[in-house]
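Structure first, then comments.
The values are calculated or read from the model by the stated rules, or taken from the named source; none is laboratory data. Note that the coordinates shown come from a computational prediction; the quantities given were computed from them, not determined experimentally. Cβ placement follows ideal geometry from the backbone for every residue including glycine, while neighbour counts extend to all protein chains displayed. Accessible surface is based on the protein model in full, side chains and every heavy atom, while ligands, DNA and RNA are left aside. Shrake-Rupley method; radii C 1.70, N 1.55, O 1.52, S 1.80 Å.
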Amino acid sequence: MTTQLPIVSSAPAPAPTGPTRRATRKITLGPIEVGGDAPVSVQTMTVTPTHEADLTLQAIAAAQAAGADAVRVAVPRKEDAEALARIAEHARIPVIADIHFQWKYAVMAIEAGCAGVRINPGNIKKHDKVALLGRLAAEAGVAIRIGVNGGSLEQEVLDEFGGPTPEAMVESALREVRLLEDVDFFNTKISVKHSDPWTMIRTYRLLAERCDYPLHLGVTEAGPLKSGSIKSAVGIGALLAEGIGDTIRVSLSADPVEEVKAGIAILESLHLRERGLDVVSCPSCGRAQVDVWTLAEDVQKGLEGRIDVPLRVAVMGCVVNGPGEAREADLGVAAGNGKGEIIQKGERIATVREEDIVEAMIHYATEMAEEIRAERGSGMPTVNA
């Protein structure tokens, strides 16, 4: 006996909007804007030796292809600083030089044409040199990020506040801000990262109350791909949901491309960035009549790289939630009894054998993506199934 799935038609729900953003001043980071009404941008950091310029440029290109808006490169050695001019010239997204101890390398980064420089108050201790960097950056139109980490606060701040508390981190950042403001430099963004998401959340909330500079969000040293992504989603996501945050980095012990993917997924989940491919699937239960886990994975893998427009695809394994979820998605399948009912925009369009579900989903999803591109007049190339 074949189970008949109900068809329920409904008008499409209005697209949800994201959180109301905190009002901040807008700064420039090379060709992009950060803060104000600019979209939240995604950053990552290369793991290549920066002085190997060609290798670093390849890594930057990979990050850009994954969707990164900007990239940071480490500059611990003089040969790294010397390579910045070539890197900044040929990179197609803004390059930020990460400086910790050697203020002279920051000067070299500004002269090399980097879009931004990150300095850590806990490591660059000379106030006159910070002021010098502010003057040089102002002349060159370079942004400065004051990057405070819980693990590298100035000793005097630790002594004053009794440890790396939220209050200590915010005070460290604002002291550095004042040094730059004293030389009329305001193209500043701030980060106050901590490896504990809850501490990080409280610190950014406090900072948001005390300044109107754009904030760079991140859980520092978040960990490996799986656990680090979870920590970052908690910390970054909680703040973005409150409207706090203007640019983000998911710090993982993984390929920088994975950091970019995770960051984009966080923004998409909060409707702060237009979705691309979004596969939703049921977690499986005793009602399932198909291996939902494997089916969802196979559909995801089959569509990755093919869909570059907003498209929600639902993979469901029973008749309880299947039709409803599939109806809410652009394209869905409710699988069971050795077959799959393909539902497009709330209407059942095909019934296929279980072994043909993945191929059918790729076919229909690709067709829909092509139609969306045509409607947008994007001129993007057709993707063949």
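Structure values in brief
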| read-out | value |
| --- | --- |
| Segment 213-234: number of residues that are hydroxyl-bearing (S, T, Y) and assigned to a loop (DSSP other than H, G, I, E, B) | 2 |
| Breaking point among (1) more than 19 Å from T188 (Cβ to Cβ); (2) in contact with a Pro (Cβ under 6 Å, 6 or more places away or on another chain), for A70 | (1) |
| Contacts under 6 angstrom Cβ, first residue in segment 113-138 being in contact (Cβ under 8 Å) with a residue 24 or more places away in the chain, partner of a type outside the set (A, V, I, L, M, F, W, C) and crowded, with 23+ Cβ neighbours inside 10 Å, 6 or more apart | A115/P94; R118/D98; R118/R145; R118/G147; N120/G147; P121/S172; P121/E176 |
| Residues being touching a Gly at 6+ places or on another chain (Cβ under 6 Å) and either open to solvent by less than 10 Å² (accessible area, probe 1.4 Å) or under 18 Å from A131 (Cβ atoms) (or both) - total across segment 106-117 | 0 |
| Residue satisfying condition, being under 14 Å from the mean Cα position of the chain (by Cα), open to solvent by 10 Å² or more (accessible area, probe 1.4 Å) and in contact (Cβ under 8 Å) with a residue 12 or more places away in the chain, within set R210, R205, R249 | R249 |
| Among residues of segment 235-250, those that are in a loop (DSSP other than H, G, I, E, B) and either of a type in the set (A, V, I, L, M) or modelled with pLDDT under 95 (or both), counted | 2 |
| Residue match in segment 123-136 (condition: open to solvent by less than 20 Å² (accessible area, probe 1.4 Å) and either part of a loop (DSSP other than H, G, I, E, B) or among the polar types (S, T, N, Q) (or both)) | yes |
| Output for segment 69-84, where each listed residue is of a type outside the set (D, E) and closer than 13 Å to A115 by Cβ | A70, V71, R72, V73, L84 |
| Subset of segment 80-105 that is open to solvent by less than 20 Å² (accessible area, probe 1.4 Å) and farther than 16 Å from G30 by Cα - its residue that is modelled with the lowest pLDDT | I99 |
| Qualifying position, being open to solvent by 20 Å² or more (accessible area, probe 1.4 Å), in a strand (DSSP E or B) and touching a residue at least 12 places away in the same chain (Cβ under 8 Å), among I372, I342, I349, I362 | I349 |
| Subset of segment 139-152 [touching a residue at least 12 places away in the same chain (Cβ under 8 Å) and either polar (S, T, N, Q) or open to solvent by 20 Å² or more (accessible area, probe 1.4 Å) (or both)] | A140, G141, N149, G151, S152 |
| Hits in segment 252-285 (condition: farther than 25 Å from D37 by Cα and in a loop (DSSP other than H, G, I, E, B)) | L252, S253, A254, D255, C282, P283, S284, C285 |
| Some residue of segment 168-191 being in contact with a Phe, Trp or Tyr (Cβ under 6 Å, 6 or more places away or on another chain), open to solvent by less than 70 Å² (accessible area, probe 1.4 Å) and hydroxyl-bearing (S, T, Y) | yes |
| Per-region count, segment 165-202, residues under 26 Å from the mean Cα position of the chain (by Cα), part of a loop (DSSP other than H, G, I, E, B) and of a type outside the set (S, T, Y) | 3 |
| Which numbered condition E242 fails, given (1) of a type in the set (D, E, K, R); (2) farther than 22 Å from G36 by Cα; (3) open to solvent by 10 Å² or more (accessible area, probe 1.4 Å) | (2) |
